[in-house]
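Values quoted throughout were computed directly from the atomic coordinates according to the rules given, and no laboratory measurement underlies them. Keep in mind the model is a prediction, meaning the values are calculated, not measured. Every residue, glycine among them, receives a Cβ derived from its backbone with ideal geometry; neighbour counts consider all protein chains shown.
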């Protein structure tokens, strides 16, 4: 009788192993889908411990910025984050996508490349150096019929962009 139970026990163990594998694969798939979905986690704590998180539901974005920086609302569609010690600034403006060519024509483009921000492809532009030798960094990206114009000085620009999230 014990020989007849052996195949059943092996089959049962095999079924449990397959079921466990399916459950783990499904859980991991859901996890990775959630973290790669733009704007899926608006309440995430800041990546940088000494940074603040800003979110604007109406404009459709959130980002982290250094604790020593100040936030200034320029107008209904433009927010500026400035270093109080004078070393850096980032401005986020939201416009109609139809204004893309008008904006591009106003820029003094030195270099242009493709960039991905929060999983969305856009254009990264470096303007020609100003008198102080700084090249303004600009990202133009369209999401849900909104053109995001993100511009800033090189100081901490890339670190802040890595925290940028599209929401809504």
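Computed quantities for the displayed model
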{"item": "For the range 52-91 and the range 98-121, distance of Cα centres in Å", "result": "20"}
{"item": "For the range 50-99: rounded, prolate or oblate by the Cα gyration tensor [a/c cutoff 1.5]", "result": "prolate"}
{"item": "Simple label model, 7 Å out from Cα along Cβ direction - residue 18 to residue 67, nm", "result": "5.5"}
